[in-house]
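The values are calculated or read from the model by the stated rules, or taken from the named source; none is laboratory data. Since this is a predicted model, take the numbers as computed values, not measurements. Note that we place each Cβ from the backbone using ideal geometry, even for glycine, and neighbour counts take in every protein chain shown.
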């Protein structure tokens with residue numbers, strides 16, 4: 001049996017638009033002051049993890065790279081950009097206010113039947129989930145038996161966690177992944193194992 005790879009999935013910290021706007025892949029969005037502090041706290045938590053992570057990958061977006069920076073410093077690792085970890089492509093919805101989007105008829109599908117929805121001129125949730133999980137499988141093959149940190153975004157992390165649990169995609173919105181939170185998935189054994197979700201402190205992680 002292959003030695004499992006442990007993925008420490010970190011959501012980026014709070015930005016100036018978190019909870020107000022659907023930022024998507026638009027460039028130029030940086031961490032707010034609170035987000036910087038959250039990233040530092042996440043770095044402290046990840047650095048305490050044993051065995052110590054051996055690699056660090058990050059979404060190409062600024063808010064993710066800024067969250068990864070203190071983690072890289074704490075671990076003494078170089079943050080490698082991995083496009084498979086990037087945010088969902090929200091297409092023409094990118095940059096729209098959430099309060100405005102919530103009034104659209106399609107919003108019910110986004111929340112309750114995401115497997116049926118594709119963002120106009122963008123990505124479907126199913127495509128996003130496949131992209132993220134395929135990325136983790138590829139990285140698992142590269143880092144067998146190691147712990148790997150991946151700094152990403154809420155929806156990609158939720159999609160990965162729910163896939164690992166075998167939860168239907170239509171229920172993935174029931175999972176909470178807060179800014180700078182940590183979720184941990186082990187991949188490469190007989191089946192994926194979810195070790196924690198939406199945490200802010202970590203201890204030694206292993207299946208019981």
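See the values below:
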| item | result |
| --- | --- |
| Close pairs from segment 112-129: first within 19 Å of residue 84 (Cβ to Cβ), partner at pLDDT below 95 and surrounded by fewer than 16 Cβ atoms within 10 Å (Cβ to Cβ), Cβ under 8 Å, at least 6 apart | none |
| Any hit, segment 158-166, residues being touching a helix residue (DSSP H, G or I) at 6+ places or on another chain (Cβ under 6 Å) and farther than 24 Å from residue 26 by Cα | yes |
| Residue 56 surrounded by 14 or more Cβ atoms within 10 Å (Cβ to Cβ), part of a strand (DSSP E or B) and in contact with a strand residue (DSSP E or B) (Cβ under 8 Å, 6 or more places away or on another chain) | yes |
| Test set (1) surrounded by fewer than 18 Cβ atoms within 10 Å (Cβ to Cβ); (2) in contact with a helix residue (DSSP H, G or I) (Cβ under 8 Å, 6 or more places away or on another chain); (3) in contact (Cβ under 8 Å) with a residue 24 or more places away in the chain - residue 50 fails condition number | (2) |
| Exclusive hit being in a loop (DSSP other than H, G, I, E, B) and touching a strand residue (DSSP E or B) at 6+ places or on another chain (Cβ under 7 Å), set 177, 149, 161, 167 | 177 |
| Among residues of segment 48-61, those that are modelled with pLDDT of 95 or more and over 14 Å from the mean Cα position of the chain (by Cα), counted | 3 |
| Which listed residue, of 180, 199, 190, 141, is surrounded by fewer than 18 Cβ atoms within 10 Å (Cβ to Cβ), over 25 Å from residue 109 (Cβ atoms) and under 15 Å from the mean Cα position of the chain (by Cα) | 199 |
| Lone qualifier among 63, 80 - being under 22 Å from residue 16 (Cβ atoms) and touching a strand residue (DSSP E or B) at 6+ places or on another chain (Cβ under 7 Å) | 63 |
| Enumeration of residues in segment 74-98 that are in a helix (DSSP H, G or I), closer than 25 Å to residue 33 by Cβ and in contact with a helix residue (DSSP H, G or I) (Cβ under 7 Å, 6 or more places away or on another chain) | 74, 75, 85 |
| Test: residue in segment 33-45 that is modelled with pLDDT of 95 or more and part of a loop (DSSP other than H, G, I, E, B) | no |
| Check on residue 94, more than 16 Å from the chain's Cα centre (by Cα), closer than 17 Å to residue 23 by Cβ, crowded, with 18+ Cβ neighbours inside 10 Å and touching a residue at least 60 places away in the same chain (Cβ under 8 Å) | yes |
| Checking residue 158 against (1) in contact (Cβ under 8 Å) with a residue 24 or more places away in the chain; (2) within 18 Å of residue 67 (Cβ to Cβ), the condition it does not meet | (1) |
| Every pair of residues 6+ apart whose Cβ atoms lie under 8 Å, when the first sits in segment 16-43 and is on the phi > 0 side of the Ramachandran plot and in contact (Cβ under 8 Å) with a residue 60 or more places away in the chain while the second is surrounded by 18 or more Cβ atoms within 10 Å (Cβ to Cβ) and assigned to a helix (DSSP H, G or I) | 24/93 |
| Segment 113-129, residues that are assigned to a helix (DSSP H, G or I) and buried (at least 17 other Cβ atoms within 10 Å of the Cβ) | 114, 125, 128, 129 |
| Any hit, segment 192-204, residues being over 21 Å from residue 63 (Cα atoms) and assigned to a helix (DSSP H, G or I) | no |
